[in-house]
Structure formats: C-alpha cells, structure tokens
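**Student:** There's a structure below that I have some questions on.
What follows draws every value from the coordinates through simple rules; no lab data is involved. Not measured: the values here are computed from a predicted model. Ideal geometry is used to build each Cβ from the backbone, glycine not excepted, and the neighbour counts take in all protein chains shown.
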Amino acid sequence: MALLQIAEPGMSAEPHKHRLAVGIDLGTTNSLVATVRNGIAVCLADETGRSMLPSVVRYRADGSIDVGHKAVAAQATDAKNTIVSVKRFMGRGLKDVAHVETMPYDFEDSTGMVRLRTVQGVKSPVEISAEILRTLRRRAEASLAGELVGAVITVPAYFDDAQRQATKDAATLAGLPVLRLLNEPTAAAVAYGLDNAAEGVYAVYDLGGGTFDLSILKLSRGVFEVLSTNGDAALGGDDFDHRLFCWILDKADIAPPSMEDARRLQMKAREAKELLSSCEEAPVHVALRSGEEVNLVVTRDEFADMTRHLVQKTLGPVRKALRDAGLAPDEVKGVVMVGGATRMPHIQRAVAEYFGQEPLTNLDPDKVVALGAAMQANVLAGNRKDEDDWLLLDVIPLSLGLETMGGLTEKVIPRNSTLPIARAQEFTTFKDGQTAMAFHVVQGERELVSDCRSLARFELRGIPPMVAGAARIRVSFQVDADGLLSVSAREMSSGVEASVLVKPSYGLTDDEIAGMLKSGVEHAGDDMLARALREQQVEAERVIEATEHAIEQDGALLSADERAAIEKSITNLRALCAGQDHRAIKSGIDALSRATDDFAARRMDSSIRNALAGHKVDEFET
Amino acid sequence: MSVTLSESAAKHVSNFIAKRGRGVGIRLGVKTSGCSGMAYKLEFVDETQGEDVVFESHGVKVIVDPKSLPYLEGTELDFVREGLNEGFKFNNPNVKDQCGCGESFNV
C-alpha cells in the first residue's frame, strides 16, 4: 500500500497524481538531493543514512561506473579514471581550467568543452555530471516511491550561460526534467525564508571544502537579484585541516611521516577540527605505522590562532563584493552561512564582527542550498497554493523588442533581466499627419526582425495628426513573475492607448533558445552591416518622400533646370537604394540634400512671408 | 468508535506541525476519486470548520469532516518506513478492496 504524506490544507493530490519534485545541490565536492515532505524540506539519505554524495565518478575497466563514497575510495589507486570536482570543467574549454598540469587526468581539448579520456572512452563533463545526477535521481525515486516531475538544480551565481546550459544538459542526460536552475546563494536565502521577509540586502557567505564564494543579494518584491559576487577558488575548509595537520607535525616532534601516516594524521586533524566546533578542546591520539605515537590536545583558542590568517583571507572578497555593490557592511540586513566550514565558531565570530550582527546559522550549512532548492521545486511543481504568494525567480532568456522602420529590431528589455520587469521607451511618427502606428513585438538577439521570433502585433490608432517626429508614443514592456509579457503603447498628448498580452517563452525549446543565442553571436558582423544598410535605406526613403512632397507643394519656386537636377538626384538615390552599399546610399542622400539646399531656403522664406502677410508688426509679441 | 493515530504517527505529526510553524492538527478524509472509488486525504489543519468532528490521540488533534467519518470509523493512522521511503498508512477496517497501489479503495 502506498504511503501518504501530509499535504497543505486543500492540496491533497489525486491518486497517482502526486507531483514529486526535488531540489539538487550539484556541488564541487559534495552533492545533495532534497524534497518537501509533510510540509518540511528534508534531505534524502542513501541506504546507509548518509545524505551527502561525494561528487566523484569512477569509470571502471569492466564498464561499470561508481559514484560517491565508493569512487572516493579509489581516488588514490585509479586517479586517471576517477574524476573529482568535475564541476570545475562544466562548460569550460581547456584554457579556462586552472592548474591543468597538476591534475591526474588525460584531457582532450575539443571545441567548446574540455573532455577527459577514461578507460571507458572520452567523457565530457556533462556526461560525468549526469552520472552524479542519475545517482541522486535514483535515490529520490526510491525514497519517494514514484517518478519525479522535475528538479530545481542550483548553480553558482557567477556561472555563465555555457556553464548553466551544460548543467541543464547533464540533467537531461540523467533523465531529470529541469524545472529551473537556481543560484546557490538564492537557494540558501530561500531556505531561511528570507524571500518572505522584508526587502533588503543580504550577504551569503559560502565556505565549502575547497572554494569560497561571497554573494550580495538584493531582495525586492520577492525577487532576488545578485548585486555582486566575489570569492577565492582556492580557499576552503581543507586549508583549515591542512593548517592543523602542519601544527600537529610541528608539535608532535616525529620523523617526516610516510604517505600513509600523513593521510592518517590528516584525517585526525579533520576530526579534531570538527570536534572543536562543539567542544572547547579536542584530543589528537594517533598510533603511527612508524611505531611513533602522537598524543596531543588542541584547544579551540589555539586552533583559532593558527587559522586566523585564513579567516582574514575570506574577508578580502567580502570587502570587494560589498564595494562592487556600493554598500557598507551595516547596510546588509542579514548574513546567511553556507558550507560545512562555517560551523567553526571563530569564523562565525569574525563574520558577526565584520557585519555587526549575528549570521544565520540555525539550518545545517551543508544542506541549506539543497533545502532551498527543494522548496522552490515544490512551488514550481504546483504543490502549494497560489495564495501563498511565492514569486518565481527567473530571468528573460532572450531580449524582447520592437520592429522599427526598415525591419530593424529595437531591444527594449535585454536578455537575462530578472523577472518581473518593466521598461518603457519613446517612439515617434515617421510621416507627417500619421494617425496610426503598427507595433510588432519580437524576441531575439539579431538586428533584423526577419531573424528574430515574432511574438505579437498590434496597432495604435487615433494619434492626432502632427508633423513627422513630433508625436511622443511611449511603449511599455512589462513581464510579470510568470513570464507573461504585456506591451502597451500610449500617445502622450492625447492619451490614446493600445496593448497586447503574450507569453514570450511559449513554445520555444531550450535548443531553439540556445540556437538563437548562438546565431546572434555568429552573425554579429553581418547584422551590423545589415542594420547600417537598412538604416540608410529608410533614411533615403524619408528624404525622397519629403522632397517629392515639397516639389508638389512649392514646385513653382523652382526653375525647370533646378527641378530636373533635383529629380535626377532622386532617381540616382533610388538606384543606389536597390544596392547593398550603405556608404553609397549615404553619399546619395547627401547629394540630394545638397541639391535641395537652395530650394529648402526658398520654401522657408516663402512660408514665412505667407505667415506674416497681412499682419502688422505689433501683432507679434517679442 | 473513533479515528486514532498510532504512537509513532502521533510523534511524527506533532513534529511536522512544530517544524511547519503553524497548524492545530491533522485532517483525515476521503474524497471520491481514483481508480477504485475513494481516495484518502491527509492535510495539515490551520483552522477547523464548524461541522468537523475532532478526536484527540496521543495529544494530537485528529480532525474529520462528518461526510468522511462513516468511511473512516475505526481507522488507525500509522507511520511506517519501507526501504528509503517513509510515510503514513491508513489501517482502515471498512475497506473491502483497494487498487493495486493502495492509493484508492472501496468500502
């Protein structure tokens, strides 16, 4: 018989329609999977009760694959086929990866992402990460007794598009539908419920095993925006272990230890460090292979003293991140601690001192990111009522804009803007006496409308007749938290308005989005030329039209020769417009405008004469 | 007759309510749906409705709406672990048969 979980009031699922969703913290050193059960976010453990899965994958010669603790054990003996910290390679080329020469892997530099040669063939970081995700997926499906509708996977705030896409691809490969990628600091803040709290700026201090990240987040109307990030990719809890290990060697007065003894001492150092987070002192008793014995006691104060410089080192990135965000420490409303190393009391003390307030530490710092992701997944899977008022955290994948004269796009909302967002821009009329305007809403990174995706069209009618360029039409783009776009246009003097509603990401697959982004980059050069050409063509059309209009009205001011010369320039410019050379069109426009200089002056004189005729001078106020 | 919780179920329910931060008890109910006629409802309760029947079991309020009560008379809610999975189980003496998965049943 199936086991039931307690649902929120009124949210009991239909039989066979449980919407199981998980949050995954795909970490550099360890990964976790969490879900919301009985209304509470919990991390899911494996058969032996361990919830952390070391992010280590081993490809064995017999074709099997080990993931996690089993793979860790083989790290020393089969280093080439045992991949640790694959996250560093996600979406990176060989040249982007630091310290390649010190790594035991057999790299292959292929276009785009680096690959690793293993006993089971060449593997991409995406495939290796997929093994970790697959293991977590199986664990979740066994724990929840059902298939997952999807997962929220966390990524560092500084991950770029390629790294995010690689993470998504890994999930797809592992058979996990991605509900959303969530920034790790945002997930930690969500776990603490800060998204329901008052608006303000929060700092997330994430000291993991081998990396340190500091993010400054700004919360406004339920949406977190990353203001700045900083960190140190080579500073983590392991450095504290190492410092204590060196201290033990120093104090114990023993011969330089063998590899095995050193490993044993290192483990002891780590245990002692962890013990010091809850006790005032920790014993270090080790019987070495060499026959020597280490018998020491380390106190909390001694440990704090010997690692003071490491703690100080984390404050550098903190200062830089605050400076980048233009903030002082006392403007930060709360500090969230993430990563096992933040359990150390002297780190908490240093952070409290710097920010002038106690950091948030009551959730398990190892699990807080996964728990936040699980809470977000629970919302996205539809297991909570709307009235709980959770705003979704998302960004616009492709720029949104309008078609302007000549089939060019004018971007109004740039890609990667966080939702919800509103932007307005003013446009004007193209022709004298124009009373209507057609709007074409498009999405994409390309310069020409024909290369972008058409989203909607609408018209604004009833613009009071004015000369070209005098009307002010304000077009507002608004994307709400669900990604729903509404575009409205308003003529500012008369107040006439028109609007349209669209769902911008509707029907676009990730592949299509990626393809559109790629083509935007690949065709940047072509696009620039195309834009220049269209701009000149539009300008030429406008000048020709204005000239012909003028000849029609005031042709009498021209002699036959002058008229013929202007008409010749017009014909000439028309011919140039059909060509592809924007510079030639520009010179044609200049030629026409020179040919009409006199004519324009005469028209001006005549219109002033007409305007003044029959009036006395004192009728005009000066 | 009444509706009760096993000791382990009661312990878990009060734990969940405490962690959730609000809630006066737990609602057991049935609704007509599912492949075999009826399906169980198991929800937190933020406030009881006027016609609700309230039982108390191991210090936890068990709330049942009067329409569901005939189907649930004598039921004991248990908390069990099956492999990696854990959750609540209805031990309902009224059930005649249930679908293969046990998510819905008939009386």
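**Student:** Just list whichever of A:Lys80/A:Lys273; A:Lys218/A:Lys367; A:Lys95/A:Lys320; A:Lys123/A:Lys313; A:Lys333/A:Lys367 have alpha carbons separated by over 32 Å in the model shown.
**Tutor:** Where the Cα-Cα span goes over 32 Å, the pairs concerned are A:Lys123/A:Lys313.
**Student:** Among A:Gly469, A:Leu501, A:Leu612, whose Cα projects farthest towards the positive end of the dipole of chain A, with charges put on the beta-carbon of Lys, Arg (+1) and Asp, Glu (-1)?
**Tutor:** Sorting the options by dipole projection puts first A:Leu501.
**Student:** Here's another thing I want to ask about it. Kindly rank A:277-283, A:137-143, A:364-370 from highest to lowest mean number of other beta carbons found within 10 Å of each residue.
**Tutor:** Descending packing order for the listed peptides: A:364-370, A:137-143, A:277-283.
**Student:** In degrees from 0 to 90, rounded to the nearest 10, what is the angle of the helix A:560-577 Cα long axis to the longest principal axis of chain A?
**Tutor:** On a 0 to 90 degree scale, this one is about 20.
**Student:** 5 Å is the cut-off here: which amide hydrogens, built 1.01 Å from N in the peptide plane, fall below it relative to A:Val155, excluding neighbours closer than 5 in sequence?
**Tutor:** Under 5 Å from the amide H of A:Val155 lie the amide H atoms of A:Leu182, A:Asn183, A:Glu184, each far enough along the sequence or on another chain.
**Student:** Per residue, how much space in cubic angstrom lies within the convex hull of the C-alpha atoms of the range A:561-618?
**Tutor:** Roughly 95 Å³ of hull volume per residue.
**Student:** Shifting gears a bit: Using the Kirkwood formula over every pair of different C-alpha atoms, what hydrodynamic radius in Å results for the range A:52-114?
**Tutor:** 12.5
**Student:** Relative to 2.2 N^0.38 Å, what does the C-alpha radius of gyration of the range A:1-116 come to as a ratio? Two decimals please.
**Tutor:** For the range A:1-116, the normalised Cα radius of gyration comes out at 1.44.
**Student:** List the residues, sorted by chain then number, that are 5 or more residues from A:Ser55 or on another chain and whose placed amide H is less than 5 Å from its amide H.
**Tutor:** Amide H neighbours of A:Ser55: A:Asn30, A:Ser31.
**Student:** What residue among A:Ile570, A:His549, B:Pro70 has its Cα farthest toward the positive end of the dipole of the protein assembly as shown, where the charges are +1 on Lys, Arg and -1 on Asp, Glu, each on the Cβ?
**Tutor:** Checked the options; the winner is B:Pro70.
**Student:** For the range A:101-223, rounded, prolate or oblate, judged on the Cα gyration tensor with a ≥ b ≥ c (square roots of eigenvalues), a/c < 1.5 rounded, else prolate if a/b > b/c?
**Tutor:** Oblate is the answer for the range A:101-223, as a/c is 1.5 or above yet b/c matches or exceeds a/b.
**Student:** So what are the ³J(HN,Hα) numbers for the range A:252-258, from phi and the Karplus equation (6.51, -1.76, 1.60; θ = phi - 60°), rounded to whole Hz, Gly and Pro as x?
**Tutor:** Each residue of the range A:252-258 in turn: 6, 6, 10, 5, x, x, 5 Hz.
**Student:** Give me the log10 of I(q) over I(0) for the protein assembly as shown at q = 0.09, 0.11 Å⁻¹, as the Debye formula computes it from C-alpha points; what are the numbers?
**Tutor:** -0.98, -1.25
**Student:** Please compute the volume of the convex hull spanned by the alpha-carbon atoms of the range A:291-342 and report it per residue in Å³.
**Tutor:** Cα convex hull per residue, to the nearest whole number: 133 Å³.
**Student:** Continuing with the same structure: Just the Cα atoms of the range A:436-483, one point each, no solvent: what log10 I(q)/I(0) does Debye give at q = 0.18, 0.22, 0.24 Å⁻¹?
**Tutor:** -0.78, -0.96, -1.02
**Student:** Related question: So if I take the alpha carbon set of the range A:88-149, get Rg, then get Rh from the Kirkwood formula, what is the Rg over Rh ratio?
**Tutor:** Ratio of gyration radius to Kirkwood radius: 1.13.
**Student:** Whole-Hz Karplus ³J(HN,Hα) for the range A:330-347, in order, using 6.51 cos²θ - 1.76 cosθ + 1.60 and θ = phi - 60°, x for Gly and Pro?
**Tutor:** 7, 8, 7, 7, x, 10, 9, 9, 10, x, x, 5, 6, 6, 4, x, 6, 6
**Student:** With only Lys, Arg, Asp and Glu charged, each at its Cβ (+1 for the first two, -1 for the last two), find how big the charge dipole of chain A is about the Cα centre; round to the nearest 20 debye.
**Tutor:** Magnitude of the dipole: close to 880 debye.
**Student:** Mind listing the phi-derived Karplus ³J(HN,Hα) values for the range A:226-235, rounded to whole Hz, using 6.51, -1.76 and 1.60 with θ = phi - 60°, and x for any glycine or proline?
**Tutor:** 7, 7, 7, 9, 7, x, 9, 6, 10, 9
**Student:** Using only the alpha-carbon atoms of chain B as identical scatterers, what base-10 log of I(q)/I(0) does the Debye formula give at q = 0.10, 0.18 Å⁻¹?
**Tutor:** -0.27, -0.89
**Student:** Please compute one quarter of the surface area of the Cα convex hull for the range A:255-311 and express it in square nanometres.
**Tutor:** 4.2
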